[in-house]
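For reference, the structure is listed below as structure tokens.
The values are calculated or read from the model by the stated rules, or taken from the named source; none is laboratory data. Given the structure is predicted, the values throughout are model-derived calculations rather than measurements. We place every Cβ from the backbone using ideal geometry, glycine too, and count neighbours over all the protein chains shown. For the accessible areas, the whole protein counts, side chains as well, though only heavy atoms, and no ligand, DNA or RNA atoms are used. Shrake-Rupley method; radii C 1.70, N 1.55, O 1.52, S 1.80 Å.
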Amino acid sequence: MAKYLVTGAAGFIGRSIAAALLARGESVRGVDHFLTGKRENLVGLEAMEFVEGDLTDPVVCAHVCSGVEIVFHEAALASVPRSVADPIATNRNCVDATLNLLVAAREAGVRRVVYAGSSSVYGETPTLPKHEEMLPAPITPYAVAKLAGEHYLAAFSRVYGMENVTLRYFNVFGPHQDPASHYSGVLAIFCRKMLAGEQPTIHGDGAQSRDFTYIDNVVAANLLAAAAPGEKVAGRFMNVATGSAISLNQTFDLLCGLTNYKGKPAYGEPRSGDIKHSLADIRLAKELLGYAPQVDFAEGLRRTVEWYRNAQ
Ligand code: UD1
């Protein structure tokens, strides 16, 4: 019987959490329906009990929650531009799936759901860094869907006594992130292109900045969130990031050094729904979880480029 369930286990973040749990000798069940998850991400996770299924189906949710104590809910249809193109699909795979999962988790007696929240809920308010006392102001369907999920988690804590926790991730990157779709995270796209000698495109002027967070920091935050005392974390949401930001232009320069790319970037139209700057205040996660980023951006980028180089 699995103690932990990881949803989106064939996705970048889900597979990374599952790998860390397995490395600790935990019993893990994973679920994915391969809408964006990849079968190759399951390589190395053979000790995990894997269920292929869609969380928009309540029967699947009931099945995967049975016997589980803690859920890491990473399944989602990530990407801001994808949600602009197809808000209904984003809603179905983020909001409907999350509510189905929570209902099933409650019925199965799951103690805690740790949820992949998103920095996008802060919208484009100019205040920096973003801190949790700020009112959410989502500006895209993706951000609305992610925010709905965290409100559902908090409500289920409040009315049913579940110990749910939301971690608002800021631009996660690292090994196993899919570089192949134009909905992929920017660093995955740039690593793949620049290693192949292809010109990357910067949307806008490249002055936009992000608090890019290396995957190991996000995995560590999840493990801390699973273990933290319920009275401290139940119903809470907090930023998970590094607390420093870098512009896309600066990132491109760093990547030139790491990938040996000699060209210039192409500059295209700014992307609809893009925000200019994103930077997190990470004091709350430190206070509630004892979280501190272990891998800084430069080291994370170096490891990521190495991984894509070997994966090519
Ligand atoms: C957003 C959310 C993040 C969410 C993620 C899911 C914010 C601040 N962040 O990240 O919480 O988890 O979506 O996908 O809302 N870009 C290029 N060239 C490319 C691709 C992207 O210049 O080929 C630019 C984008 O226009 C953007 C930046 O890179 O300015 C980052 O884009 P992306 O990696 O898609 O992430 P966000 O939209 O910031």
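The table below lists the values:
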item	result
Hits in segment 188-219 - residues which are of a type outside the set (Phe, Trp, Tyr), open to solvent by less than 30 Å² (accessible area, probe 1.4 Å) and more than 10 Å from the ligand (Cβ to nearest atom)	191, 194, 215, 217, 218, 219
When residues of segment 259-295 are limited to those that are surrounded by fewer than 14 Cβ atoms within 10 Å (Cβ to Cβ) and touching a Ser or Thr at 6+ places or on another chain (Cβ under 7 Å), the one nearest to residue 166 (Cα to Cα)	268
Checking residue 256 against (1) within 26 Å of residue 217 (Cβ to Cβ); (2) crowded, with 20+ Cβ neighbours inside 10 Å, the condition it does not meet	(2)
Output for segment 140-170, where each listed residue is outside any helix (DSSP H, G or I) and either modelled with pLDDT under 95 or crowded, with 21+ Cβ neighbours inside 10 Å (or both)	140, 162, 163, 164, 165, 166, 167, 168, 169, 170
Filter result (touching a helix residue (DSSP H, G or I) at 6+ places or on another chain (Cβ under 6 Å), basic (Lys, Arg) and away from the ligand (no atom under 16 Å from the Cβ)) within segment 94-139	106
Looking only at segment 163-187, and only at residues there that are within 24 Å of residue 282 (Cα to Cα) and out of contact with any strand residue (DSSP E or B) (no Cβ under 6 Å at 6 or more places or on another chain), the one that is farthest from the ligand (Cβ to nearest atom)	175
Options 51, 95, 84, 114: the member that is part of a strand (DSSP E or B), assigned by TED's automatic domain parsing to the domain that holds residue 227 and either at pLDDT below 95 or within 16 Å of the chain's Cα centre (by Cα) (or both)	114
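Condition check ((1) within 16 Å of residue 108 (Cα to Cα); (2) in contact (Cβ under 8 Å) with a residue 40 or more places away in the chain; (3) open to solvent by 10 Å² or more (accessible area, probe 1.4 Å)) across all residues:
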site	(1), (2), (3)
7	yes, yes, no
29	yes, no, yes
32	no, yes, yes
39	no, no, yes
49	no, yes, yes
66	yes, yes, yes
74	no, yes, yes
